[in-house]
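Here is the structure we will look at.
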Amino acid sequence: MTSGSATDPAHAHHDPAPSHHDPAHGRAASPAVSAGSAGLAHVDTAIWTRGLTKRYGARRAVDHLDLQVPRGALSGFVGPNGAGKSTTLRMLLGLIRPSAGHGHVLGEPITEPDRYLHRVGAMIEGPTFHPGLSGRRNLDQLAVLRGIGGWHRARRQRRVEEVLGQVGLGERADDRFSTYSLGMKQRLGIAAALLPDPCLLILDEPTNGLDPAGIREIRALLGQLAGGGMTIFVSSHLLTEVEQICDHLVMINGGRMLFQGHVTDLLAAEDPRILMIPEHDGDARRLAGLLGDKGLRVEIDLRTGPPNASATRGRLPVVTAHAPEGLAAHLNRLAMHAGITLRSLRTHRPNLEETFLRVTGEIDGDLVRTAQAGQAPDGSVPPPAGAGLDPAHSRGGAT
């Protein structure tokens, strides 16, 4: 039986000690800060790293990552599959050693995880419990292994009851683990992570595989825990959930930092947009050129439409103009005067998922590919436009 809480460092499989020089970058890793500056840097941060790197041979799973997660934050950790999220979490928990760089968790160096793991709860890669034992018995066994309550059985059992209540499993605590739904199993894993009454909770994809009801349960639970002042660092691929519950965001790709800060700051930097679908597909390029001549940044996307809706086999060309909502009526008049009839026109502000796809260059779902305005939307797959946060492309003609 393995626990959903942070692994005891005495049983962790460590890699060789980190090097302070990164030959592939041709520079030394960031030097350790002085004791005085370190104290100042970590007063308000639960997780702090500088130049954190993990190499496997020639491949960098994590590449000079500078993390700063505020104390008391509910911080979302997002990135495409293979971005380095799980590797980063494993380094923070002392399960693997960094190849370079340094950092602190709860003010203690990550090279000495035994100094902070008793204040950290974690669930990595889903919880695993004994299927024949009840939820309560599983937690009690874990509490014994972790020394929860010391030699006082009553104190240990009281803590088990507390965490079962926190995750809403009190009424099913005596049922066998094998009878639990996936959502209940995830909640029991979080309960295990909560046993030491941690200051920091680290969760790796806690909603993975859950149905909408299960996702709502976990979302409500995390919000409740964060409201009590606990710092929560949660990796997730469900960006809608991250946007709804997280007040802080860390976004990585290829092991490198893309953004960290408040979610609202990232979304506020996104341009408002006006989305137009011409009645005739062939007018998309003409409309994009017309608006580009007016100094607007314009893109043509292929969005999924009704079957056989157009010559693009169910994909409608959407002309997107980066412009404030107040220009919508004016753009409609421009199209009309040019003899272009619009099937639809609506204003839009990008959400976190769309922003993530644009920043990382990962195109998924209905965001199929972004065609260049100079090309006909014939179903071909050109390179995605606007895949980065490059201010040089914020003005000018169609891209």
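On inspection, residue 84 passes the criterion of being on the phi > 0 side of the Ramachandran plot and in contact (Cβ under 8 Å) with a residue 12 or more places away in the chain. Just a yes or no: is a residue in segment 94-103 touching a residue at least 12 places away in the same chain (Cβ under 8 Å) and assigned to a helix (DSSP H, G or I)? For segment 94-103, residues touching a residue at least 12 places away in the same chain (Cβ under 8 Å) and assigned to a helix (DSSP H, G or I): absent. Of all residues in segment 13-36, none are modelled with pLDDT of 50 or more, under 26 Å from the mean Cα position of the chain (by Cα) and within 25 Å of residue 115 (Cβ to Cβ). Looking only at residues that are closer than 21 Å to residue 74 by Cβ and surrounded by fewer than 21 Cβ atoms within 10 Å (Cβ to Cβ) in segment 163-190, which one is nearest to the chain's Cα centre (by Cα)? Applying the filter and picking the extreme gives 183.
Do we have residue 201 as under 18 Å from residue 133 (Cβ atoms), surrounded by 14 or more Cβ atoms within 10 Å (Cβ to Cβ), modelled with pLDDT of 90 or more and in the same structural domain as residue 123 (by TED's automatic domain parsing) here? Taking the combined requirement at face value, the residue does not satisfy it.
Of the residues 213, 193, the single one that is under 22 Å from the mean Cα position of the chain (by Cα), surrounded by 24 or more Cβ atoms within 10 Å (Cβ to Cβ) and of a type outside the set (Phe, Trp, Tyr) is 193. Quick check: anything in segment 108-118 hydroxyl-bearing (Ser, Thr, Tyr), touching a residue at least 60 places away in the same chain (Cβ under 8 Å) and either surrounded by fewer than 20 Cβ atoms within 10 Å (Cβ to Cβ) or not assigned by TED's automatic domain parsing to the domain that holds residue 90 (or both)? Yes. Scanning segment 94-120 for residues that are over 25 Å from residue 263 (Cα atoms), of a type in the set (A, V, I, L, M) and touching a helix residue (DSSP H, G or I) at 6+ places or on another chain (Cβ under 9 Å) gives 95, 96, 110, 117. Only one entry of 67, 74 meets the criterion of being surrounded by 17 or more Cβ atoms within 10 Å (Cβ to Cβ) and either in contact with an Asp or Glu (Cβ under 8 Å, 6 or more places away or on another chain) or not assigned by TED's automatic domain parsing to the domain that holds residue 251 (or both), and that entry is 74.
Residues in segment 216-244 that are over 20 Å from residue 195 (Cβ atoms), of a type outside the set (Gly, Ala, Ser) and either in a helix (DSSP H, G or I) or at pLDDT 90 or above (or both): 216, 219, 239, 240, 241, 242, 243, 244. Considering the conditions (1) over 20 Å from residue 324 (Cβ atoms); (2) surrounded by fewer than 19 Cβ atoms within 10 Å (Cβ to Cβ), residue 264 is excluded by exactly one of them, (1). Looking only at segment 228-238, residues that are surrounded by fewer than 20 Cβ atoms within 10 Å (Cβ to Cβ), closer than 19 Å to residue 71 by Cα and touching a strand residue (DSSP E or B) at 6+ places or on another chain (Cβ under 9 Å) come to 0 in all.
The values are calculated or read from the model by the stated rules, or taken from the named source; none is laboratory data. These numbers come from a predicted model, not from an experiment. Because the Cβ atoms are built from the backbone with ideal geometry, glycine has one as well, and the counts that use them run over all protein chains shown.
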